[in-house]
Every structure is written in structure tokens, then in C-alpha cells.
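K.L.:
Quick one: the structure is below, questions incoming.
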Amino acid sequence: MASISKLSTPNFATSSSSSSSRLLSSQPKVSISFYNRSSINKGFSNSKLALRRNTETSSLNVRCSKGDGNGTHAKKTVLHDLYDKQGQSPWYDNLCRPVTDLLPLISSGVRGVTSNPAIFQKAISTSSAYNDQFRELVLAGKNIEDAYWELVIKDIQDACKLFESIYDETDGADGYVSVEVSPQLADDTVGTVEAAKWLHKVVNRKNAYIKIPATAECVPSIRDVISLGISVNVTLIFSLSRYEAVIDAYLDGLEASGLSDLSRVTSVASFFVSRVDTLVDKMLEKIGTPEALNLRGKAAVAQAALAYKLYQKKFSGPRWEALVKKGAKKQRLLWASTSVKNPAYSDTLYVAPLIGPDTVSTMPDQALQAFIDHGVVSRTIDANLSEAEGIYSALEKIGIDWNEVGTQLEVEGVDSFKKSFDSLLVTLEDKASSLNLVKK
């Protein structure tokens, strides 16, 4: 175990800024331009995705634009290096319409997309791009919730088409688009299985991941859905104990499937990162001792490193080798919640230290632009394992209960998605009224 005095502190924004400047001055500038100048000068809104260099601030902007989508191929970026040199797949944690605007991101090295109820709540409620389809659905007699799913399913299907070539080129290892079951089912084992089966059927795309939360009630759902040959993105994992249960559910599902060829049943386990620090930092500040304060900003990455150690252990040995003979693929670790919540921390804190083979890092705009701008590609996930173990142990010794942290974050995560889902349904009700689709 590493001594506490030797444990590193997270890079803070001030030091990150200076180090980023040195890095950028010593390397070729990232130059990514997907749209012609006339398109860029038209301005930006929340309806279309673009990446471009902001010449005034020297930062990479990822946002939605009004452009017509005509553009050129991106030059090679660190995202390509991330996959080619370290075996980590960079995914994008966002989805908005029109999804063809993901093409520039694909050119820049993005290899998959994740979505959740909060993402769709923002996309649908802030854009007029959904109005025509929504109007048609309501006029056809669809209720608001059914209309919501129709909107979502179209986006997922269209995005799957864009990533299909990556899926084919990697023999089903990459190129996935994730869609989540209703968050209202987070405590419903049977309901989650039925919802996953329905989504799998109606989306009907080989590279679609059905997202299921890692709640205690849904861990058995994961096993059952995997046993049906449906690929799953397990989301909202916040603790090592729950992560191990998720791995076991995947293995149990593969064994129970009865399939002679398991090569098309895949999964990722979405281990959340930044939210761990957000909660643990508050606990440490409440404790208030110098030792506690010195551990701020370290919990999330340390636990993630130990999750990778667990991943290596569980996907080895006789049980796993027996499944490999049937074509089984490892359930890859996916780092989620990679945006930095504390502005005092380095803007790549939840990406740069978690680089390793057979992993996925799904990044929202903030994290993606920061890593493309000044991220460094090297294997880091297990470079300081003894340090991670020391941090994890030190946090336990001063009173941090890791299972309690995981439980609280899970409850908060599920609640957040439920609120986003409910809010969107209200927004759609209001939109129906504003479009004069509701009978008075």
C-alpha cells in the first residue's frame, strides 16, 4: 500500500492550463474543421453538431449548429491514437437530431454513442427538429409517451446506421448506440426484461445496446436479457461490489443462453466516475481534517483503477475460458460521467488517468473537446495500482463507506433520470398544445 503522504493530488485548473499551453506549443496544433466558412458564419444553435477550432480561445468547441452538414474529413486526432495505440474506444455521450451531424465526430475518431433520458430530455425539449415527426405521431392518435419512444427509436436507428460500418469492421466489438429502458422500471425486474425485449425488437439494429440500470432489482434482469441473446449496456454502476454483481450477471446470462455461438452477445459495464468525487469530496470536507482534505478529487479514479483490476480477474480462469470457446467476448468496462464537475480540477481528470486496453470512455462535449485539445495518450489505468489501493484504503479508514457511497449515488442517478423522463413528457404535452394538437 502507498503511504498517504505519497498519494498524488488531482491536477488543478491553474496547473492544467499552464501544462496544456506547454503541451500545445510542443505539438502540432489540432486542426479540425468540418464545415465550410459560410456555414460556420451562419451561427450555432442546439440543432446540429459541429467541431471546430475557436481561434480566439484556442479551444475545441463541440456544439450544435445551423449549418447544412456539408464538410470534409477530419485529420487524425488523439481519439484515433487512443484506439490504435491503447485499445480504448472513445464514444460520444450525447445524441441530438439530425443524427447525421455525428459524421464529423466519427471522422475525428468517435466509435460509438451513449444516450440516456436526460440527454433526450435536453435534445427534444430544446430543438424544433422533432416537431414534424411529433405532430404526425399525435395526429395519428399516439399518446405522449408512445410518441416519445417513437422519437427516440428513430434517433437510435438512424445513429446505428452511421456506426454500422465500424461495427462490421470490428466484428461487433465497436460501433454501438445505446438506448435506455424507461427509468420508471429501475425497481421492476420483470418489467425491465420485458422493456428490453420490446426495445430490442422495435429498434431492430444489430449494433444497438439496450441500457439497463445496475440496481439490485435489475441485476437479475441483466442476466435474463443477456441469456436471450440481447446485447446490454449496464449503466449506473457506482461501487466495486455492484460491479462484481454485474459481471456475474453477464457470465450467468451467457451460460444460461444455450447458444452455441456467443460472439454476437456483447456488453459494456458503465462505471460512473465524476459523480463519485462530487459526493466523496463533500464527505471529506465535512470531516475536515488535513488528511481528509488531502484526499479530495482522488476517490473516483482510485476506485475505477480497482474496477479494472477486478475486470482482469473476473475475465480470466477456467470459467471464462469455457465461454471463450463458444465465442464469448469480454464485458468491457466503460467509463461514464467523465465530465469534470469541480472547475478546480483538470478538465481531463476523468479521461486521462483511465486509459487502458479493452475499455471504453464515453465523453460528453466538455470532456471530449478537452481531451482532443490537450489529452495525452498513454496506458494509465493500471500504472499506479498500489497508489489507487492506498487511496481506497485511506478513505475507508477515515470513515468513507464505499457501499454507502454507491447506494446513495445509485438512488440519485435513478431519481435524476426519472425526473428527466417525467419532465420531457410534460414538455411534450406542452408542445402538443403549442402546435394546436390537443383538442379543446
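The values are calculated or read from the model by the stated rules, or taken from the named source; none is laboratory data. Because the structure is a prediction, the values reported are computed rather than measured. Counting neighbours? That spans all protein chains shown, and the Cβs are built from the backbone with ideal geometry, glycine included.
K.L.:
For segment 370-395, enumerate the residues that are hydroxyl-bearing (S, T, Y) and crowded, with 16+ Cβ neighbours inside 10 Å. Break it down into steps so the answer makes sense when it comes.
P.N.:
Let us first name the residues in segment 370-395 that are hydroxyl-bearing (S, T, Y), namely 378, 380, 386, 392-393.
Selection gives T380, Y392.
K.L.:
Further question: Every residue in segment 225-257 that is on the phi > 0 side of the Ramachandran plot and surrounded by 22 or more Cβ atoms within 10 Å (Cβ to Cβ), please. Please lay out each step first, then the result.
P.N.:
As a first pass, look at segment 225-257 and keep what is on the phi > 0 side of the Ramachandran plot: 229, 236.
Across segment 225-257, the qualifying residue is only L236.
K.L.:
Test T278 against the criterion of being at pLDDT 95 or above, in a loop (DSSP other than H, G, I, E, B) and under 19 Å from D415 (Cβ atoms), and give yes or no.
P.N.:
Numbers: at pLDDT 95 or above: yes; in a loop (DSSP other than H, G, I, E, B): no; under 19 Å from D415 (Cβ atoms): yes.
Here the answer is no, as T278 does not meet what is asked.
K.L.:
Still on this structure, I have one more. Checking the condition over 19 Å from the mean Cα position of the chain (by Cα) and in the same structural domain as E150 (by TED's automatic domain parsing), which residue from I237, I222, I226 passes?
P.N.:
Details: I237 fails: over 19 Å from the mean Cα position of the chain (by Cα); I222 fails: over 19 Å from the mean Cα position of the chain (by Cα).
Going through I237, I222, I226 in turn, just one is over 19 Å from the mean Cα position of the chain (by Cα) and in the same structural domain as E150 (by TED's automatic domain parsing): I226.
K.L.:
Scan segment 136-146 and tell me whether some residue there is farther than 18 Å from W91 by Cβ, without any contact (Cβ under 8 Å) to a residue 12 or more places away in the chain, of a type in the set (D, E, K, R) and outside any helix (DSSP H, G or I). Steps first, please.
P.N.:
Going through segment 136-146, the residues farther than 18 Å from W91 by Cβ turn out to be 136-146.
Next, only the ones that are without any contact (Cβ under 8 Å) to a residue 12 or more places away in the chain stay: 136, 140-143, 146.
Okay, now just the ones that are also of a type in the set (D, E, K, R), so 136, 142, 146.
From the residues that got through so far, the ones that are outside any helix (DSSP H, G or I) too are 142.
So far as segment 136-146 goes, yes, one or more of its residues are farther than 18 Å from W91 by Cβ, without any contact (Cβ under 8 Å) to a residue 12 or more places away in the chain, of a type in the set (D, E, K, R) and outside any helix (DSSP H, G or I).
K.L.:
A further question follows. Does K197 meet the test of being among the basic types (K, R), free of Cβ contacts under 8 Å to residues at least 40 places away in the same chain and in a loop (DSSP other than H, G, I, E, B)? Write out each step before concluding.
P.N.:
Details: among the basic types (K, R): yes; free of Cβ contacts under 8 Å to residues at least 40 places away in the same chain: yes; in a loop (DSSP other than H, G, I, E, B): no.
So K197 fails the test.
K.L.:
Further question on the same structure: Any residue that is farther than 28 Å from F371 by Cα, in a loop (DSSP other than H, G, I, E, B) and over 19 Å from the mean Cα position of the chain (by Cα) - is there at least one of those in segment 106-128? Give the derivation first.
P.N.:
Here is the first cut: in segment 106-128, the ones farther than 28 Å from F371 by Cα are 125, 128.
In the following step, the residues that additionally are in a loop (DSSP other than H, G, I, E, B) were identified as 128.
Now narrow it down to the ones that are over 19 Å from the mean Cα position of the chain (by Cα): 128.
Scanning segment 106-128, I find at least one residue that is farther than 28 Å from F371 by Cα, in a loop (DSSP other than H, G, I, E, B) and over 19 Å from the mean Cα position of the chain (by Cα), so the answer is yes.
K.L.:
Being under 27 Å from L424 (Cα atoms), crowded, with 20+ Cβ neighbours inside 10 Å and touching a helix residue (DSSP H, G or I) at 6+ places or on another chain (Cβ under 9 Å) narrows it down to one residue among E217, E150, E180, E145; which is it? Reasoning before the result, please.
P.N.:
Values: E217 fails: crowded, with 20+ Cβ neighbours inside 10 Å; E150 fails: crowded, with 20+ Cβ neighbours inside 10 Å; E145 fails: crowded, with 20+ Cβ neighbours inside 10 Å.
Matching residue, one of E217, E150, E180, E145: E180.
K.L.:
Pairs needed: first member in segment 252-273, free of Cβ contacts under 8 Å to residues at least 60 places away in the same chain; second member anywhere, assigned to a strand (DSSP E or B); C-beta distance under 9 Å; at least 6 residues apart or different chains.
P.N.:
That search, which allows pairs on different chains as well, returns G253/V232; G253/S267.
K.L.:
A follow-up question, please. Regarding W335, is this residue in a helix (DSSP H, G or I), modelled with pLDDT of 95 or more and aromatic (F, W, Y)?
P.N.:
Working: in a helix (DSSP H, G or I): no; modelled with pLDDT of 95 or more: yes; aromatic (F, W, Y): yes.
No: the conditions fail for W335.
K.L.:
Condition test on L79, is it part of a helix (DSSP H, G or I), modelled with pLDDT of 95 or more and under 30 Å from A186 (Cα atoms)?
P.N.:
On the way: part of a helix (DSSP H, G or I): yes; modelled with pLDDT of 95 or more: yes; under 30 Å from A186 (Cα atoms): no.
No: the conditions fail for L79.
K.L.:
If you don't mind, there's one more thing I want to ask. Which of the residues spanning segment 266-320 are among the hydrophobic types (A, V, I, L, M, F, W, C), over 22 Å from S416 (Cα atoms) and either surrounded by fewer than 21 Cβ atoms within 10 Å (Cβ to Cβ) or not assigned by TED's automatic domain parsing to the domain that holds L334 (or both)?
P.N.:
Once the filter is applied, which keeps residues that are among the hydrophobic types (A, V, I, L, M, F, W, C), over 22 Å from S416 (Cα atoms) and either surrounded by fewer than 21 Cβ atoms within 10 Å (Cβ to Cβ) or not assigned by TED's automatic domain parsing to the domain that holds L334 (or both), segment 266-320 yields I287, A292, L293, L306, L310, W320.
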